[in-house]
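Notes follow once the structure below has been shown.
The values are calculated or read from the model by the stated rules, or taken from the named source; none is laboratory data. A quick note: this is a predicted structure, and the numbers were derived from the prediction, not measured. Here the Cβ positions follow ideal geometry from the backbone for every residue, glycine too, while neighbour counts run over all protein chains shown. Only protein heavy atoms, including side chains, enter the accessible area calculation; ligands, DNA and RNA are left aside. Shrake-Rupley method; radii C 1.70, N 1.55, O 1.52, S 1.80 Å.
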Amino acid sequence: MLDPRTSEFTAAFVGKLVSTLLSKVGPALGENLELLLRAVLSKMQQAETLSVMQNLVLVFAQLVHTQLDALLNFLTSVPGPTGASALEFVLTEWCSRQHLFYGAYETKVSTVALCKLLQHSINSNDSRLQDIQIKGDQIFSTSDGILTRSKCATAPERWTMVPVLVKMYKLIINELSNQVETNLSKSQIEDEEDEENDWEEEDNNEDGAAGDSSETVTLLSLLDKYSPASDYSGYDFDGDEEEDEEDQDALNDPLYKVSLRWHGDSRQEPAHH
């Protein structure tokens with residue numbers, strides 16, 4: 001599946017497979033771990049599809065949580081496709097796609113891994129991370145007038161270059177902002193539903209007070225003639241079984257319960273040294 005000669009889609013789910021293998025028997029892999037990571041790097045050079053690249057990047061993100069020093073030593077000792085270190089290659093591909101990653105668990109694994117890398121570099125003054133420069137923001141020139149489709153197609157893309165640590169920080173802030181916005185939206189929806197329920201209860205109370213009690217008795221007697229809903233299959237289905245469909249390894253991972261809001265805001269939860 002990781003053979004670079006095969007289609008990239010053969011690695012569509014290999015990232016999850018490798019991550020599970022590392023979490024179960026990582027320390028016991030020995031030298032085979034390096035061979036496995038070399039194969040992942042080769043596949044990353046071929047991958048273009050987001051889902052495939054995300055799965056491959058998550059292999060390194062998982063290792064950030066469990067074997068950070070060993071991972072950094074390995075990636076700095078292996079050359080990347082451009083001649084720079086594999087560390088630069090991985091971080092470039094990772095940071096350029098982080099904002100596109102999907103999945104609650106996968107996003108947490110990746111974002112918290114970036115937090116750990118940033119914290120490690122600050123605490124240890126690690127030059128291996130501090131010396132890496134990657135693309136920052138795209139530059140759009142206004143001196144050439146209105147940009148038409150033909151101009152956009154022929155003009156080369158231009159980007160600012162920023163330290164990878166700055167890019168990481170921006171990505172973490174972006175994920176934190178998205179999390180806060182999502183929580184606010186959920187809170188507003190819950191408030192609206194509570195308000196609607198309050199109105200419905202008031203309407204029901206008014207209808208009950210105005211109705212005839214004898215009619216209520218008649219309706220209840222009619223309903224008693226039918227079998228209760230619990231006798232039918234599917235009665236206990238509540239329509240919300242997403243958690244049951246989640247991968248059990250993900251549910252058992254402590255990262256699954258991590259709040260990005262608390263992890264990303266050092267003012268609320270100071271880092272422990």
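Inspect the stretch 108-116 for any residue being among the charged types (D, E, K, R), in a helix (DSSP H, G or I) and free of Cβ contacts under 8 Å to residues at least 40 places away in the same chain and give the result as yes or no.
Narrowing the stretch 108-116 to residues among the charged types (D, E, K, R): 108, 116.
Checking the rest, the ones that are also in a helix (DSSP H, G or I) come to 108, 116.
Going one step further and asking which of them are free of Cβ contacts under 8 Å to residues at least 40 places away in the same chain, we end up with none.
The answer is no; no qualifying residue exists.
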Six or more apart or on different chains, Cβ under 9 Å: which pairs go from a residue in the stretch 17-39 that's of a type in the set (Ser, Thr, Tyr) to one that's open to solvent by 90 Å² or more (accessible area, probe 1.4 Å) and part of a helix (DSSP H, G or I)? Could you list them?
-> SER23/THR66
Looking across the stretch 40-73 at residues that are in contact (Cβ under 8 Å) with a residue 40 or more places away in the chain, in a helix (DSSP H, G or I) and hydroxyl-bearing (Ser, Thr, Tyr), the single one that is most open to solvent (accessible area, probe 1.4 Å) is THR66
Considering only the stretch 123-137, state which residues are in contact (Cβ under 8 Å) with a residue 12 or more places away in the chain, open to solvent by 20 Å² or more (accessible area, probe 1.4 Å) and out of contact with any strand residue (DSSP E or B) (no Cβ under 6 Å at 6 or more places or on another chain).
-> ASN123, ARG128, GLN130
Can you pull out the residues in the stretch 36-81 that are β-branched (Val, Ile, Thr) and closer than 22 Å to GLY103 by Cβ?
-> VAL40, THR49, VAL52, VAL57, VAL59, VAL64, THR66
May I ask you to verify whether THR76 is crowded, with 17+ Cβ neighbours inside 10 Å and assigned to a helix (DSSP H, G or I)?
-> no
Go through the stretch 101-111 and count every residue that is surrounded by fewer than 20 Cβ atoms within 10 Å (Cβ to Cβ) and under 21 Å from ASP69 (Cα atoms).
-> 0
Hey, ASN178 modelled with pLDDT of 70 or more, assigned to a helix (DSSP H, G or I), among the polar types (S, T, N, Q) and under 17 Å from HIS99 (Cβ atoms) or not = yes
